[in-house]
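Here the structure comes first, spelled out in structure tokens, and everything after it is commentary.
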Amino acid sequence: MSAIVGCVHFDGAPVDPQAFQAALSALDHYGNRGRSATLLDGCAFGHQRLAITAAAAFESQPLEEDGLVLVADAILDNRETLCDQLGIERRYRDTLPDSRLILQAYRRWGADCVRRLVGDFAFALWDTRDRSLLCARDHIGARPLYCLRQGDRFCFATDQRAFRAWPGLSVTIDESSVAAFLLSPGDCHDLSFFRNAFPLTPGRVLRVCQQGLTLDAYWSPEDVTPVRYARREDYVEHFRELLLQAVGDRLDVTVGVGSHLSGGLDSSGVTVLASRLIQDRGHRLDSCYTWSPPVSAQYPLPGAGRRDEREVIARICRQEALECHYGTTSGADFLAYLERDLAVDGTVDVFEELGVMRVAAARGTRVMLSGWGGDESATFGIRGYPGYLLARGRWGKLLALTREAAGGIKRPRKMARFLWQQGVVPCLPDDLFDRYSPYADSGRLSPLYRQALIERFPEAAARRGPAWRLYPDPGRMQCLLMHHGHLSSRMSTWAHWSAEHGLIYRYPLTDRRLLDFTLGLPPELLWEQGQPRRLYRDAIGERLPLGLGKNDSANERKRMAIREECWRLLSSAARRQAFQLPCEWLDMAAFQERLVQAPEEGMSDDQLAGFISLCSAVQAWHLWRRYLPSSR
């Protein structure tokens with residue numbers, strides 16, 4: 001894994017070598033083995049090399065061969081399969097870097113080669129013969145790739161910091177993206193705040209030539225083939241094989257490996273499988289990392305009969321002989337996150353991971369396994385399933401599911417609410433769904449934007465993610481979640497953040513081979529024996545402790561305390577006149593008033609909604625401060 005930067009002048013004008021080196025050097029923190037570049041007639045390509053696998057030691061990019069030039073930020077997980085398909089002799093495989101595998105695959109299959117690549121990748125391939133550029137990104141967006149076109153010039157980069165550092169490249173803020181962000185601050189998208197720039201959509205191939213751009217899909221969740229077996233045991237066995245493969249392939253590295261561990265199904269499953277597989281190879285996981293606070297007088301374990309995910313974390317650590325590092329982030333950390341450059345970092349708000357990265361880097365962890373993406377696939381719950389049962393008249397199973405979700409038949413109000421929100425409302429037409437949606441209207445957040453901004457960009461409201469709409473079809477809901485943008489958005493942000501710490505994040509539960517299985521499963525397997533996600537539990541087996549689940553009340557109390565501390569810090573800064581610079585995107589009077597309204601103790605639901613809007617306003621204010629005043 002690494003970083004790539006490139007530029008093509010389709011009018012044939014030469015690329016300024018000093019300007020290009022400035023852009024490439026802006027990403028020096030991505031490569032621990034140095035950078036290299038190639039300048040050709042009217043184009044330039046650069047690579048920052050980070051070696052975490054044995055084969056990566058033999059990388060030498062940009063790769064030039066027979067009129068083709070390739071730069072790739074890639075780690076392939078099906079190397080052996082590709083080598084077999086390409087007829088590569090075994091004696092050459094260990095020293096064959098992933099970039100050369102991609103190039104050979106392209107020479108054999110053309111642009112269709114991406115359908116055969118399994119792993120995390122973003123690459124660009126220049127064909128000097130017809131002066132065309134092909135850019136591709138992996139199916140889920142684990143590795144970022146941003147593109148920018150200005151006239152006859154087309155640029156791409158792993159990180160938009162390269163665009164910012166590029167002398168002569170006009171980088172200005174796209175205010176329609178700002179309007180969309182302020183309208184729906186919790187709706188994370190993999191987007192660009194720069195005009196004429198955009199992230200390459202996951203699962204897509206972009207062809208660029210002087211005549212224009214063409215975008216084609218090579219993977220889409222809607223195209224997954226249904227998976228149907230005669231026996232349930234066959235599903236379990238296949239699931240287990242794919243999980244072991246997905247986790248195992250991501251352990252083929254030469255550096256220390258750590259793992260997220262929250263006590264939930266996703267991270268717990270990945271951790272126990274990784275621990276088992278890496279021990280079989282004579283090694284151990286470096287450590288586990290959680291956002292939850294350590295057990296203390298402030299955050300004690302609950303009394304008997306109440307669950308706490310830290311107890312599950314402790315059981316797994318004892319079982320696997322692992323050490324766990326608990327979350328210690330503070331309100332000051334949250335404030336520092338709000339002050340970061342939103343335009344290059346992205347809109348993801350999981351600032352706690354910054355603390356994890358600092359600790360992991362200090363310990364020497366270089367690869368972090370994450371269960372992110374599991375909720376949409378391997379451990380997908382029952383979203384859309386109650387409506388599915390209702391629409392098909394499966395009354396018995398719907399009643400059993402409703403009773404279980406409500407906590408028993410003696411809770412008729414909870415049963416009625418669940419049945420209405422999860423069963424009936426998804427079956428309603430769009431206009432009625434909007435009226436009765438179980439999701440809170442963003443208007444409750446007491447926005448701080450200037451109405452004039454929203455009126456200038458009426459299309460911003462339409463950029464809200466598709467998964468806010470519930471449908472009575474769990475398969476459709478999974479596809480909408482795959483397209484929602486939150487998966488690739490977090491992956492991109494974590495790629496940018498982790499590069500500062502020499503870390504690489506891997507996501508086993510988004511393995512394409514695994515997704516092709518889990519997305520094709522029949523809906524009837526979503527809820528069995530009174531439990532959701534039963535198939536995943538059975539696939540992992542007895543190493544998965546009982547009592548798993550997101551019982552993170554201590555972590556939520558910690559997060560609330562962090563928010564309160566951050567708000568008090570913001571109030572103190574406002575009283576010192578820190579936010580006096582006018583921002584044309586914000587209602588400055590309301591913004592100034594909200595800043596100094598920090599609660600003295602505790603935070604009500606209304607105050608929390610106000611704080612969420614305040615955070616997005618603070619980020620927008622810093623964005624304005626960085627980019628706009630000098631040009632107005």
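Within the option set I316, I278, being of a type in the set (V, I, T), open to solvent by 10 Å² or more (accessible area, probe 1.4 Å) and closer than 26 Å to Q245 by Cβ holds for one residue only, I278.
Picking from residues in the stretch 191-221 that are more than 17 Å from the chain's Cα centre (by Cα) and among the β-branched types (V, I, T), the one that is surrounded by the fewest Cβ atoms within 10 Å (Cβ to Cβ) is T214. Among the polar types (S, T, N, Q) and open to solvent by 90 Å² or more (accessible area, probe 1.4 Å): does that describe Q421? So Q421 fails the test. Being of a type outside the set (F, W, Y) and without any contact (Cβ under 8 Å) to a residue 60 or more places away in the chain is a property that G346 lacks.
Scanning the stretch 173-190 for residues that are surrounded by fewer than 20 Cβ atoms within 10 Å (Cβ to Cβ) and either assigned to a helix (DSSP H, G or I) or under 16 Å from the mean Cα position of the chain (by Cα) (or both) yields E175, S176, G186, D187.
On the basis of being open to solvent by less than 10 Å² (accessible area, probe 1.4 Å) and under 25 Å from F193 (Cα atoms), does V367 make the cut? No, not satisfied.
Of the helices (runs of 4 or more DSSP H) lying entirely inside the stretch 373-469, those carrying at least 2 residues that are farther than 17 Å from G530 by Cα are 385-391, 412-418, 430-436, 451-456. Among residues that are within 25 Å of W585 (Cβ to Cβ), in contact with a Cys (Cβ under 8 Å, 6 or more places away or on another chain) and at pLDDT 95 or above, F163 is included. Of all residues in the stretch 222-266, those being open to solvent by 10 Å² or more (accessible area, probe 1.4 Å) and part of a helix (DSSP H, G or I) number 17.
Within the stretch 458-475, if we keep just the residues that are surrounded by fewer than 18 Cβ atoms within 10 Å (Cβ to Cβ) and not acidic (D, E), the residue that is farthest from R435 (Cα to Cα) turns out to be P458. Would you be able to say whether some residue in the stretch 138-152 is assigned to a loop (DSSP other than H, G, I, E, B), among the aliphatic types (A, V, I, L, M) and over 22 Å from R464 (Cα atoms)? No: zero hits.
Just the residues that are of a type outside the set (S, T, N, Q) and in contact with a Leu (Cβ under 7 Å, 6 or more places away or on another chain), please, taken from the stretch 261-280. Scanning the stretch 261-280 gives G263, G264, L265, D266, G269, V270, V272, L273, A274, L277, I278.
Considering only residues in the stretch 545-568 that are in contact with a Gly (Cβ under 6 Å, 6 or more places away or on another chain) and either without any contact (Cβ under 8 Å) to a residue 24 or more places away in the chain or crowded, with 19+ Cβ neighbours inside 10 Å (or both), the one that is farthest from G371 (Cα to Cα) turns out to be C566. Scanning the stretch 227-263 for residues that are of a type in the set (S, T, Y) and closer than 30 Å to N32 by Cβ turns up T254, S259, S262. In the stretch 278-290 there is at least one residue matching the filter, namely being more than 27 Å from V350 (Cβ to Cβ), part of a helix (DSSP H, G or I) and more than 20 Å from the chain's Cα centre (by Cα).
The values are calculated or read from the model by the stated rules, or taken from the named source; none is laboratory data. What you see is a predicted model, and the numbers here were worked out from it, not measured in a lab. Positions of Cβ are backbone-derived with ideal geometry, glycine not excepted, and every protein chain shown enters the neighbour counts. Heads up: the accessible areas ignore ligands, DNA and RNA and are worked out on the full protein's heavy atoms, side chains in. Shrake-Rupley method; radii C 1.70, N 1.55, O 1.52, S 1.80 Å.
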